[in-house]
Amino acid sequence: MTSPLYDIVAIGNAIVDVICSRDDEFVAAQGLEKGLMRPIAPDRGVALHEAMGACEEVSGGSAANTLAGLTGFGVRAAFVGQVGDDRLGRLFRQDMADRGIVFDTPPLTDGTPTGRCLIIVTPDGHRTMNTAIGASEFLPQIDRQLIADSAVLFVEGYMWATEQPRVAVCEAITIARHAGRKVAFTLSAEWCIRQHRADFRALIESGQVDILFANEGELAELTGSADFDAAVDWAAAHVGLLIATRGADGAIAVEGGMRHTTPAEPIGPVVDTTGAGDLFATGVLIGLVQGRPLPTVLRMGSIAAGKIITQIGPRLATGEDLAALMAARLG
């Protein structure tokens, strides 16, 4: 097996986050379920965007957020996703370039807009997310060599929402496994699991996932068990490494039958929980690339998640800030 050109290649929805702070009454008035992520139609996205008023626009997307946090750690990363040939698409592409992430997928030129996620942050720091994926629905055939040249393929469960991205991801997983690379998969959201539970279980049970990222609610939805330990046991029996987060109660990792736990790592007051899971994955992937012991890897995930929830939005200004924090916390 040849040495990989990249440490990580991620496939995900290329989304621009549109973020505003509003109260619970606004969320209820818009007919939304507080704290949940759900897909919406493009016309509903336009109407909700108008109702939200003045907003901040920043590049987002689950897997892309995870990669963005790698800046400053010397991790070689590439991204596969689809944007439109529009202002938001150019914003997304420039942000990836500024962070040193290779992103060579050409934009769509047929007028399809770049996807956007409308995020409403309530005073308690919870976020209600509504996503119109736009151009991400039409991800073309992926670069086979790019996948084969990456040590880890990182895939978000959101890619199962539409057929073309789902087919491309399944092909990428096959390529990665044939090349002897690792496949990391994140369950993404409970609604996503409800829609694609059979596919996700088949993927996991067939041994195609080496590293599985999930939170407590997602594991319950995947396994049908409200018993966290039972859900962990099921998942850990099918993957090489399970990473499961529990919010303020910390996280657990299971590898080779060995369990490791870590508490949450509060960095400051909780401002916005957007991106907490994405950045937890960032910390874990950094630790794995660096060859750290699993307890340290798990703690690095908690540090990264603890940092991102002290600000509005899913991306740190620079990865160097996270690198400095990691060094200070880990000693």
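The values are calculated or read from the model by the stated rules, or taken from the named source; none is laboratory data. This structure is a prediction, so every number in the text was calculated from the model and none was measured. All Cβ positions, glycine included, derive from the backbone under ideal geometry; neighbour counts span all protein chains shown. Side chains are part of the model used for accessible areas, which takes the heavy atoms of the whole protein and leaves out ligands, DNA and RNA. Shrake-Rupley method; radii C 1.70, N 1.55, O 1.52, S 1.80 Å.
For this structure, a couple of remarks:
- Flag if THR310 is in contact with a strand residue (DSSP E or B) (Cβ under 9 Å, 6 or more places away or on another chain), open to solvent by less than 60 Å² (accessible area, probe 1.4 Å) and in a loop (DSSP other than H, G, I, E, B): no
- Being in contact with a strand residue (DSSP E or B) (Cβ under 9 Å, 6 or more places away or on another chain), open to solvent by less than 70 Å² (accessible area, probe 1.4 Å) and of a type in the set (Gly, Ala, Ser) is a description that applies to GLY81.
- Those helices (runs of 4 or more DSSP H) of the range 180-272 in which 1 or more residues are of a type in the set (D, E, K, R) and in contact (Cβ under 8 Å) with a residue 60 or more places away in the chain occupy 190-205.
- With respect to the stated conditions, LEU241 fails to be buried (at least 23 other Cβ atoms within 10 Å of the Cβ) and modelled with pLDDT of 95 or more.
Residue-by-condition table, conditions (1) closer than 23 Å to TRP160 by Cα; (2) among the hydroxyl-bearing types (Ser, Thr, Tyr); (3) open to solvent by 30 Å² or more (accessible area, probe 1.4 Å); (4) within 13 Å of the chain's Cα centre (by Cα):
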{"residue": "ALA14", "(1), (2), (3), (4)": "yes, no, no, yes"}
{"residue": "LEU67", "(1), (2), (3), (4)": "yes, no, no, yes"}
{"residue": "GLY74", "(1), (2), (3), (4)": "no, no, yes, no"}
{"residue": "GLY89", "(1), (2), (3), (4)": "yes, no, no, no"}
{"residue": "PHE92", "(1), (2), (3), (4)": "yes, no, no, no"}
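- Of all residues in the range 285-297, those being closer than 17 Å to ARG246 by Cα and either free of Cβ contacts under 8 Å to residues at least 12 places away in the same chain or buried (at least 24 other Cβ atoms within 10 Å of the Cβ) (or both) number 1.
- Residue within the range 275-295 that is more than 28 Å from PRO4 (Cβ to Cβ) and part of a helix (DSSP H, G or I) present: yes
- Only listed residue being part of a strand (DSSP E or B) and either within 20 Å of the chain's Cα centre (by Cα) or touching a residue at least 40 places away in the same chain (Cβ under 8 Å) (or both), chosen from ILE120, ILE173: ILE120
- Here the condition is being farther than 23 Å from ALA10 by Cβ, β-branched (Val, Ile, Thr) and either open to solvent by less than 30 Å² (accessible area, probe 1.4 Å) or over 20 Å from the mean Cα position of the chain (by Cα) (or both); of THR282, THR223, it holds for THR223 alone.
- Of the strands (runs of 3 or more DSSP E) lying entirely inside the range 1-87, those containing at least 2 residues that are among the aliphatic types (A, V, I, L, M) span 6-11, 15-21, 77-80.
- Conditions (1) open to solvent by less than 50 Å² (accessible area, probe 1.4 Å); (2) over 27 Å from VAL167 (Cβ atoms); (3) assigned to a loop (DSSP other than H, G, I, E, B); (4) modelled with pLDDT of 90 or more; number of the one not met by GLY100: (1)
- All positions within the range 151-182 that are crowded, with 24+ Cβ neighbours inside 10 Å, closer than 22 Å to ALA244 by Cα and of a type in the set (A, V, I, L, M): LEU153, VAL155, MET159
- Pairs with Cβ under 7 Å, 6+ apart, first in the range 59-77 and farther than 16 Å from LEU153 by Cα, second open to solvent by 20 Å² or more (accessible area, probe 1.4 Å) and of a type in the set (Asp, Glu): SER59/ASP95; GLY72/GLU320
- So ALA132, is it open to solvent by less than 20 Å² (accessible area, probe 1.4 Å), assigned to a strand (DSSP E or B) and either in contact (Cβ under 8 Å) with a residue 12 or more places away in the chain or touching a strand residue (DSSP E or B) at 6+ places or on another chain (Cβ under 7 Å) (or both): yes
- Here the condition is being touching an Asp or Glu at 6+ places or on another chain (Cβ under 6 Å), at pLDDT 90 or above, open to solvent by 50 Å² or more (accessible area, probe 1.4 Å) and not aromatic (Phe, Trp, Tyr); of THR122, THR109, it holds for THR109 alone.
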